[in-house]
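Here the structure comes first, spelled out in C-alpha cells, and everything after it is commentary.
No lab work stands behind these numbers, since they all come straight from the coordinates. Note that the coordinates shown come from a computational prediction; the quantities given were computed from them, not determined experimentally. Note that each Cβ is placed from the backbone with ideal geometry, even for glycine, and that neighbours are counted across all protein chains shown.
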Amino acid sequence: MALIRSIIKLGAYVLLLKKVFAIPEKWNVFFKQVLNETNKLIINSIWIAVIISVFIGAVITIQTQLNMSSPLMPRYTVGLATRDVLLLEFSSAIMCLILAGKVGSNIASEIGTMRVTEQIDALEIMGVNSACYLILPKIVAMVIFIPLLVILSMFTGILGGYFVSLFTDMLPVSTYIYGIQSYFVEYYVWYSIMKSVVFAFIIATISSFYGFRVKGGALEVGQASTDAVVMSSIIILLFDVILTKILLQ
Amino acid sequence: MIEVKNLIKSFEGQEVLHNVSCLFEEGKNNLIIGQSGSGKTVLMKCVIGLLRPDSGEILYDGRNLVTMTGRDVKMLRREIGMLFQGSALFDSQTVEENVMFPLTMFSDMTLRDRVKRALFCLDRVGLKGAENKYPSEISGGMQKRVAIARAIALNPRYLFCDEPNSGLDPQTSIKIDELINDITKEYDITTVVNTHDMNSVLGIGDNIIFLNKGHKEWVGNKDTIITSDNKELNNFVFASPLFKRIRAAEVEDDNQKIK
C-alpha cells in the first residue's frame, strides 16, 4: 500500500513538473520573479551559509589536528584534510541539507498558504499557469545561485580553519596555508558544483510539490512544510551517494 | 449568458450533482442558493472549470467549456472575473499591484496605462487612496472590494462571486451587494453569485437557482421567492424567525389584494 502511495506521489510530482516547465506568460514578469526569489531564497541565506561554514571549517581543523597523533604524518595534512572535507562533502551536501531546512520550509509554507487561501485558484481562474508562475522562478533562482552559495561556503569554511591557525597555537598559519594548497584537485570543485545544482533542483521542486498539493488549513500547511524538509533531505542524501559513485569513480 | 445542461458530478462514486440544468442570464445577478452540502460550490467550480464534470455541457455564449482545448479554456478564463470567499488577494503585492496583476499578465498596456486603469477600478469600488496598502493592512470588506476591482480590471464578460458576504457585517454586506449589482448592470455582464445570505437573495436576486441535495429544486427571482410554495425552499429561506414574519406579512398582503 505504501509503495502504491509512493508511486502515485511520484506520478503527481512528474505531472507537476510537466506543468512547471512551460513558457512563461510574460518574460519581463518572469525575470522580475526570478530576482525576487533570488533575494528571498538566496540573499537571505548568505548569512547562515557563512556562519555555519566558518564554524564547521574551524571545527574540522581542530578535530583533524587533535586526531593526528602519528609523527610520520606531515602537519600540513590538517589544512589538506580541511579543504577536501569542505570541497567534497560539507559545502555541497551538508550545506544543501541545511538549506533544505531553511529554504525548503519557506517554499512549502509560502505555496501551501497560497493554496489554502485560494490565491492559486485565483491565478488559475485568471488563466495563469500557476505552477509555472510560482515554481519556475524558484527553480531558476535556486539552480543558478545555490552553486555560488556553495563556492562561498568553501571559501568561508577554509577561512574558519585559517582563523584557528591564526588565533591558536595548534598549527602555524604557514603550515595551514601550505596544506590547503597541497595536492589540490580542481575537479573536486566542479564535482561539488555539479552536486549542488542537482540538490538545488531537488529542494526547489520537492518543497514546491508539497506546498502545491496542500488541502485544508494552517495545520496542513505546517505538515506540508515538515514533509517537504524531510523528503528533500532524504532525496539529497540518496542523490549524494549516487552522484558520488558516478562522478568520483 | 451561461447555459448549464445535464451536469453530473461525482466524487469517489458518490454523485454530488444530479443532472443539473440552469441558465445564467446576461446583465442579471444569477444567485445559486442552497444549504451547506447541497452542491453550490461544486456547481460553481464546474462552471468555472476548476472541476471537470462527469457529463453535461457548460456553454459560455455557445462555447462548450467541457470540450474546449486547454488553450481555449485559458483564453476563456481571460473573460472571467472571480471574487473568492476569502478574497484571495496576493499577500506580497500592494492593493494597486493586485488590481494591476491581470493587466500586467494579459495586456500590452504601458505601466502608466495599467496604473491609470487600476486607479480607475479602485475608484469604482470606492477605494481611492488605498492603493499603496497591503491586503493585511485593510479590513475584510475592503479586501472584498479590492478583489472586485481586480475581477473587473480586464472588463470581464462573466463575473463569479463565491460567498461575497461571508464574514462581513450586514452594512458592509449590503454595500458589496450593491456594488456587484451596479457593476453587473453597468457593464451588462453575466454575474453568478454563490450565497447563503438571505439579504442578498432578497436584495439582488434577479435569477435564483435553489439547489437541494445536488438537484435543481427551484428557479425564480427575489419577487417570487417570498410566495413560493416549494417546501424545501421555504424551509431553507425562512429558517429564521425574521424571515418567517416577512413571509407571513407578504402572504397576508397578497390575500388582502385578492379579496
For chain B, share of DSSP beta bridges that run antiparallel, in % to the nearest 5: 50 percent
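Using a 10 Å cut-off on Cβ to Cβ distances, tally the other chain neighbours for every residue of B:87-94 and report the average as a whole number.
Values: counts 4, 9, 4, 5, 5, 5, 0, 0.
The per-residue average across the peptide is 4.
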Within the protein assembly as shown: Cβ-based charge dipole about Cα centre, in debye rounded to nearest 20 (Lys, Arg +1; Asp, Glu -1): 800 debye
Sequence ranges A:158-166, A:237-245, B:204-212, ranked by mean other-Cβ count within 10 angstrom, highest first: B:204-212, A:158-166, A:237-245
Over 29 Å between alpha carbons, listed pairs A:Lys26/B:Lys144; B:Lys40/B:Lys175; A:Lys9/A:Lys245; A:Lys215/B:Lys185; B:Lys45/B:Lys244; A:Lys9/B:Lys74: A:Lys215/B:Lys185; B:Lys45/B:Lys244
Span per principal axis, largest first, for the Cα atoms of the protein assembly as shown (Å): 119, 54, 42
Principal axis box of the range B:90-155, alpha-carbon based, largest edge first, Å: 32, 23, 18
C-alpha long axis of helix B:241-258 to longest principal axis of chain B, angle in °: 60 degrees
Kirkwood-Stokes translational diffusion coefficient of the range A:1-135, alpha-carbon pairs, 10 °C, 1.306 mPa s, µm²/s: 85 µm²/s
Residue exposure sequence - B:Thr67, B:Thr227, B:Thr195, B:Thr41 - by fewest surrounding Cβ within 10 Å: B:Thr67, B:Thr227, B:Thr41, B:Thr195
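Averaged across orientations, what area in nm² does the convex hull of the alpha carbons in chain B project?
Reported value for the Cα convex hull: 15.3 nm².
To the nearest 20 debye, what is the magnitude of the charge dipole of chain B about its Cα centre, counting +1 on the Cβ of each Lys and Arg and -1 on the Cβ of each Asp and Glu?
320 debye
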Residue exposure sequence - A:Lys18, B:Lys40, B:Lys144, B:Lys222 - by fewest surrounding Cβ within 10 Å: A:Lys18, B:Lys222, B:Lys40, B:Lys144
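Looking at the calculated P(r) for the range A:33-248, what percent of the C-alpha pair distances fall above 28 Å? All intermediate terms of the calculation are to be shown ahead of the outcome.
Values: 8638 of 23220 pairs.
Result for the distance tail: 37 percent.
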Distance (nanometres) between label positions extended 7 Å along Cα→Cβ at A:Phe184 and A:Val59: 2.7 nm
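Between B:Tyr134 and A:Thr175, take the C-beta separation as r, use R0 = 56 Å, and let me know the FRET efficiency to the nearest 0.05. Working shown, then result.
On the way: r = 56 Å, r/R0 = 1.00.
Here the calculated transfer efficiency is 0.50.
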Estimated FRET transfer efficiency (A:Phe163, A:Ile234; beta-carbon r; R0 35 Å; 0.05): 0.55
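To the nearest whole percent, what portion of all C-alpha pairs in the range A:31-72 is separated by more than 11 angstrom? Let's see the in-between values first.
Details: 610 of 861 pairs.
I get 71 percent for the Cα pairs in the range A:31-72 exceeding 11 Å.
Sorting A:Leu149, B:Leu59, A:Leu66, B:Leu43 on the 10 Å Cβ count, fewest up front, what's the list? Numbers along the way, then the final one.
Numbers: A:Leu149 24, B:Leu59 15, A:Leu66 10, B:Leu43 28.
Ascending Cβ contact count within 10 Å gives the list A:Leu66, B:Leu59, A:Leu149, B:Leu43.
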Three principal axis lengths of the range B:1-153 [C-alpha, angstrom, descending]: 48, 34, 30
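Once you sort the root eigenvalues of the Cα gyration tensor of the range A:129-249 as a ≥ b ≥ c, which label holds: rounded (a/c under 1.5), prolate (a/b larger than b/c) or oblate (the other case)?
Details: a/c = 2.78, a/b = 2.15, b/c = 1.29.
Prolate, because a/c is 1.5 or more and a/b exceeds b/c.
Can you tell me what share of the DSSP beta bridges in the protein assembly as shown is antiparallel? A percent to the nearest 5 is fine. Show your work: numbers first, answer last.
On the way: 19 of 37 bridges.
Roughly 50 percent of the DSSP beta bridges within the protein assembly as shown come out antiparallel.
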Dipole axis of the protein assembly as shown (+1 Lys, Arg; -1 Asp, Glu on Cβ), positive-most option in A:Ile125, B:Pro102, A:Val150: A:Val150
Residue with peak Gaussian network fluctuation, chain A [Cα springs, cutoff 10 Å], from A:Thr38, A:Thr156, A:Thr168: A:Thr168
Percent of alpha-carbon pairs separated by more than 15 Å within the range A:162-230: 70 percent
